[in-house]
Amino acid sequence: MKFGSNTYNVFLALLRRSLWQAEDIAGKFPLTTAQWDEIYRMSWIQAVTGLMYDAIEDLPKNSGLTAAQIARWMSSVRFIEENNSMMSMAIDNMAAEWKSRNVTAIIQKGRNIARMYPKPEHRVSGDIDWYFPTRQDWEMALAMVQSYNPETDSDGDLHYTRNGIVVEHHRHGSDPEDPVSVLIMINEHILHHAMVMGIGYRHFCDMALGYKYYKGKYDPARLRKELKRQHLWRWTQLLNTFLVEVLGMPEEYLPFPVEGRHGTAVLEFLVINDGNLGMEKDHRMDGLNMRSKLFMNYAPVRFFSRWISLAMGRLRRMLK
């Protein structure tokens, strides 16, 4: 989808409508069948198909959306709902297994973030992420999953496939009962995906709805302090600008005003070219120079440490 095109602008308007129920879409229709096909494709790549479906349920009659296209969208949403149900069952089964061995395992992202959505069942699931707070928990869990042939990532975490579902074990995580911890985790997750060429609109929806969900439930001063301590402050200024200017998030949900002016065009270009988790691999390298300049400016410590970590991880694998 071309950046700045009418089709892209309608895609964004529908996404905002789904998130905030206040976007004015009058005068944007009709679209051609080809344009609606492109919006559907974009919604799938960006992992916001469920959100977009919620926005098209009450479109004007002159939208140009055909019955066959609506049926395809409904089928996709049913798949998302069924997949979420399957993921939830898998999480419950694994949680019971950890508990049976006295392993402390804390579920991350996924289901915890979905509860922040207008319709949790319409958030597209990713992997199952577990955080193990102690070395003993980590080692016991690792011993329990050896039959799935786990592989170690460059950052020391590991992943494996269990019954067709990718599961990840993390050495660092967030406390799901602490809003500041959760908001920083989502923030870091977006930065990580953006730096390694795999970011999509679903990630930003997570952050925006997280701000809305936790509004008034945490201390913004503490969040500010932690963001600065973890070298995320300047990046957060860009991120929050993007949420307001591109995703349409009402400024009232911001934890604090944005400091300075921050252009979002480069970040928006990367989102469009990457797609969720880098599904648009043929185009990801198009913005490599822009990506490097962006993050050297907004998150230099995180940028260099991330790529050093990736390089060291690859070196370790080569030396095995």
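Readers should treat all values here as calculations from the given coordinates under stated rules, not as data from a laboratory. It should be emphasised that the depicted structure is a prediction, and the values quoted were computed from it without experimental measurement. Cβ sites come from the backbone with ideal geometry, for glycine too, and all protein chains shown count toward neighbours.
So if I take the alpha carbon set of the chain, get Rg, then get Rh from the Kirkwood formula, what is the Rg over Rh ratio?
Values: Rg = 20.1 Å, Rh = 20.9 Å.
Rg divided by Rh gives 0.96.
Axis of helix 288-298 versus longest Cα principal axis of the chain: the two differ by about 70°, to the nearest ten degrees. Estimated from the Cβ-Cβ distance and a Förster radius of 22 angstrom, the FRET efficiency linking Asp155 and Thr104 is about 0.55.
Kindly state, to the nearest 0.05, the FRET efficiency for Arg222 paired with Leu12, given R0 = 41 Å and r defined as their beta-carbon distance. My answer for the efficiency is 0.80. Taking amide H atoms as placed 1.01 Å from N in the peptide plane, the amide H of Ala47 lies under 5 Å from those of Asn276, each 5 or more residues away in sequence or on another chain.
Straight-line cross-link reach from Lys61 at under 30 Å between alpha-carbon atoms covers these lysines, not counting any fewer than eight positions away in the same chain: Lys2, Lys28, Lys119. Taking the C-alpha atoms only, the angle from helix 233-245 to the longest principal axis of the chain is near 30 degrees. Overall, the chain carries a charge dipole of about 680 debye about its Cα centre when +1 sits on the Cβ of Lys and Arg and -1 on the Cβ of Asp and Glu, all other atoms neutral. With R₀ fixed at 25 Å, the C-beta to C-beta distance from Ser75 to Ala22 puts the FRET efficiency at about 0.30.
When the gyration tensor of the range 99-170 is built from Cα positions, what are the square roots of 5 times its three eigenvalues, in whole Å, from largest to smallest? Before the final figure, lay out the partial values.
Numbers: eigenvalues 111, 41, 25 Å².
Equivalent ellipsoid semi-axes, largest first: 24, 14, 11 Å.
Computed about the Cα centre, the dipole magnitude for the range 1-87 is approximately 220 debye when only Lys and Arg (+1) and Asp and Glu (-1) carry charge, each at its Cβ. Considering only Cα atoms, the convex hull volume of the range 45-137 works out to 92 Å³ per residue. Spin-label pair Thr32-Phe3: with each label point 7 Å from Cα along the Cα-Cβ axis, the two points sit 2.4 nm from one another. Hydrodynamic analysis of the range 6-65 uses the Kirkwood radius over alpha carbon pairs. Inserted into Stokes-Einstein at 20 °C and 1.002 mPa s, it gives a translational diffusion coefficient of 190 µm²/s.
Considering only Ser305, Leu227, Gln69, the residue lying farthest towards the positive end of the dipole of the chain is Ser305, judged by Cα position with unit charges set on Cβ. Phi angles across the range 82-97 convert, under the Karplus curve 6.51 cos²θ - 1.76 cosθ + 1.60 with θ = phi - 60°, into 3J(HN,Hα) values of 5, 5, 5, 5, 5, 5, 5, 5, 5, 4, 4, 5, 5, 4, 5, 5 Hz, Gly and Pro given as x.
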